[in-house]
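Below is one structure, written out as structure tokens, with a few remarks after it.
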Amino acid sequence: MATLDSCGTFLRGSSLQCPSPRSSDCNKSRNAKWGSPRATVMPSFHLPMRSNEVKSSVLVEGIKSLRLITAIKTPYLPDGRFDLDAYDELVNMQIKQGVEGIIVGGTTGEGHLMNWDENIMLIGRTVNCFGAKIKIIGNTGSNSTREAIHASEQGFAVGMHAALHINPYYGKTSMEGLVRHFNDVLSIGPTIIYNVPSRTGQDIPPGVIDTISVNANLAGIKECTGNDRIKKYANKGIVVWSGNDDECHDSRWNYGATGVISVTSNLVPGLMRELMFGGKYPPLNSKLMPLMKWLFHEPNPIGLNTALAQLGVVRPVFRLPYVPLPLEKRIEFVNLVKETGREHFVGDEDVQPLDDDDFVLVGRY
């Protein structure tokens, strides 16, 4: 076993004898007060982004420019644990098709069915494997400000580029409470605020966003209330992404949205990139509309989970309370794939309607 003396010199053996033949030097080393090796405490001002403030500023600008962000699906093994091999392949498919960012553990990724250990582990793994190729945005939102702060600190500690934060749900709060909640979580690092009243039971009104928009860590808003709200934010210079796939083409090209945070891009990332990057393209938007409508026939991510299982890219495993779409809708998806073109969808296997008995529903995991 080796240790260091006060100058950083290795001392070998259990007796910690100095390798130097000069006994006086040895005695000096033994009697000297221990300190960190000099090299570890020397300032290195030449290193890039040494300041957290500068680093956050760079990261925020990088997030603001993203046009296509996928709310990535979390696949499972039959016992309900994460299927990390399938997850890695899903992310790789997104990268290959030009997606610029992914939301880890969001609504689509079923972060609400994870404990915090699972959530942070998945964020960290995603950063470690893919952080150099794609922006990683971790869902660390909560209806508890304390939990949201703690989860965000952990998410940034493992390297995520930005956090996604929803407004406090169920218990809800006042407008002043919303402002204070968001300012507290914004203090941790670059953040996207997510407004989806159909899930939280409370709208985040423009007045709240206007108040917190002065915070340098606000990257933008994921807005689900429609294009009128999107236009208001865009006109004020606030970055906004459409949260509704069936509106995102018009949001992007007619109302000023920077892009979309998408569910559909899990399935057809290349076509969604074309929709966000290729200029106004109503024929493609119309072509994708039946698929988008199908995906949201039941609350997300039920449709997506069913679709990816039938494409053979994830196992047909559902964490309850989610259950697959009925056989009639599963057959409808097979026909949609054929009409759209199998080559546009993720995976290589032939799409096929699965039987009820093919699905595994897991309540304890």
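The values are calculated or read from the model by the stated rules, or taken from the named source; none is laboratory data. These numbers were taken from a predicted model, which means no experiment stands behind them. With ideal geometry, Cβ positions are generated from the backbone for all residues, glycine too; neighbour counts draw on all protein chains shown. Note: accessible area is taken over every heavy atom of the protein model, side chains too, but ligands, DNA and RNA are not part of it. Shrake-Rupley method; radii C 1.70, N 1.55, O 1.52, S 1.80 Å.
You can think of it this way: the chain between L77 and E343 has 93.1 nm of extra reach, that is 0.36 nm per residue less the Cα-Cα gap. Shown are V60, V323, whose ranking by accessible area with a 1.4 Å probe and every protein chain present, most to least, is V323, V60. Among 289-300, 167-178, sorting by the average number of other beta carbon atoms lying within 10 angstrom of each residue, highest first, gives 289-300, 167-178.
Need one number: nm distance between label points at D88 and S174, each 7 Å from Cα along Cα→Cβ, rounded to one decimal. It is 5.1 nm. Computed with a 1.4 Å probe over protein heavy atoms only, the accessible area of D356 comes to about 110 Å². With the full set of protein chains in place, find how many percent of the accessible area of segment 105-255 is carbon and sulfur; take the probe as 1.4 Å. C and S fraction of accessible area: 46 percent.
Accessible-area rank, largest first, for I137, I166: I166, I137, with all protein chains present and a 1.4 angstrom probe. Gain on full extension, evaluated as 0.36 nm per residue between N128 and D350 minus their Cα-Cα distance, stands at 76.7 nm. Rolling a 1.4 angstrom probe over the protein heavy atoms with all chains in place gives segment 180-312 an accessible area of 34 Å² per residue. Expressed as a whole percent, the accessible surface of segment 295-365 that belongs to carbon and sulfur atoms is 47, based on a 1.4 Å probe.
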